[in-house]
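Below is one structure, written out as structure tokens, with a few remarks after it.
The values are calculated or read from the model by the stated rules, or taken from the named source; none is laboratory data. Remember, it's a predicted structure, so these values are computed and weren't measured experimentally. All Cβ positions, even for glycine, are placed from backbone atoms using ideal geometry, and neighbour counts span all protein chains on display.
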Amino acid sequence: MERWSKERAWEWYCSRPWIRGCNYMSADCVNRVDQWQALGFEKRLKTTERELELMKDLGFNSVRLILEYVVWRDEHDSFLERFERYIALCASYGISCMIVLANDCMPPKTELWREPYVGEQTYDIGYHGGKKHSQHGAHSGPAPHFYFDNEESADDYFRMVKEIVTLYKDDPRILMWDLFNEPGNSRREGVTMPHLVRMLETVRAINPSQPLTIGAWWFDLEDFHTSELNEYALANSDIITYHNYSTYTEHIRVIKHLKELGRPIINTEWLARCTGNTVFDNFPLFYLENIGCYNWGFVAGKYQTFEPYEAHWNWYRDDKNAPIDFTKWFHDLYRPSLRPYDPKEEELIKTFCALADKDFEKSKK
């Protein structure tokens, strides 16, 4: 299977309403192991249903979900059953799923470093991601990857990829396959390319009906260039996806350059209120530019992505003039009570979702 033509990409993109949603796990999940494992799943699925109902009322129509290999490995058959139930529940609320197959956001190697495990999960209060030593801390060198740095586990990981993509390659509930979250992050630029190439070749060979994408996530705005990995991502994606947590002005510059590629664009991570990346700036911009969007987080919970990155605290420690507003939430749209973080944000999102749906209905006439 070859990369989709621009014409096919636009035909796919224009055949559906404006794509908008969030990177999602329910508020009672500590991490992605918790999201997918058997322990506590029934309770968390009930939480998920309450939150999907809220999501539908807000006007969102898609979620971005990241897989967790260790659950597939250790609870294979029951994981596949839970995965099916999860996407079926999303579909029952009119919400499609973008599935992320791999991830380079790794924690730094410290004395507390350990591989993910199935079972009771722990978390730290007051830290982004629920971990004091998270992937957003300092990396002195390439962070070890839980799975890809070992040949045997890497081969097994690709067996998971082949199985899941093959099972769902023609399933309309799956919106897209996001092959690799932030390739090269955690200072892994020098070791990720072979894994990224293998991922693309593996999924292309299965020939899914859904588009493939690899999100670009780092840009140098001085002369607008990006890394070799991001260039590879942009050159091989059917639909262009990218991450942006920067200011409004910087975001516009990124969009300007991405539009020159001539393909549909979806932002798969945004919203950083404490550093000036807001709902009020970004959501109308996405609507106006016809760019799909997935903010990070939905209901604030155990994963605590409303807290700043550890890097933000370190930045402010070193520079008291750092442009960080610690009085604002970082991510997430709703409080644990299911009340909005800011009702005006909720009203704005509902307004533009409704406008987008009216636009789509007009386009079909």
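What to note about this one:
- In segment 196-207, the condition of being part of a loop (DSSP other than H, G, I, E, B) and either polar (S, T, N, Q) or modelled with pLDDT of 95 or more (or both) is met by at least one residue.
- Checking ASN181 against (1) at pLDDT 95 or above; (2) in contact with a helix residue (DSSP H, G or I) (Cβ under 6 Å, 6 or more places away or on another chain), the condition it does not meet: (2)
- Scanning segment 176-207 for residues that are touching a strand residue (DSSP E or B) at 6+ places or on another chain (Cβ under 8 Å) and either among the hydroxyl-bearing types (Ser, Thr, Tyr) or touching a residue at least 60 places away in the same chain (Cβ under 8 Å) (or both) yields MET176, TRP177, ASP178, LEU179, PHE180, ASN181, GLU182, VAL203, ARG204.
- Of everything listed in (1) surrounded by fewer than 18 Cβ atoms within 10 Å (Cβ to Cβ); (2) modelled with pLDDT of 95 or more; (3) part of a loop (DSSP other than H, G, I, E, B), the single unmet condition for GLN121 is (1).
- From the options LEU221, LEU212, LEU234, LEU261, residue that is modelled with pLDDT of 95 or more and farther than 19 Å from ASN103 by Cα: LEU261
- Of residues in segment 297-320 being aromatic (Phe, Trp, Tyr) and in a loop (DSSP other than H, G, I, E, B), the one nearest to ASN23 (Cα to Cα): PHE298
- Checked against the criteria, ASP57 does not count as within 15 Å of VAL118 (Cβ to Cβ) and part of a helix (DSSP H, G or I).
- Test: residue in segment 331-345 that is surrounded by 11 or more Cβ atoms within 10 Å (Cβ to Cβ) and among the small types (Gly, Ala, Ser): no
- Residue that is surrounded by the most Cβ atoms within 10 Å (Cβ to Cβ) [pool: residues in segment 146-170 that are out of contact with any helix residue (DSSP H, G or I) (no Cβ under 8 Å at 6 or more places or on another chain) and assigned to a loop (DSSP other than H, G, I, E, B)]: ASN150
- Among the candidates ILE349, ILE252, ILE266, the residue that is more than 22 Å from ASN23 (Cβ to Cβ), of a type in the set (A, V, I, L, M) and not in a loop (DSSP other than H, G, I, E, B) is uniquely ILE252.
- Condition check for GLY301: touching a Ser or Thr at 6+ places or on another chain (Cβ under 9 Å) and farther than 30 Å from ASN230 by Cα: yes
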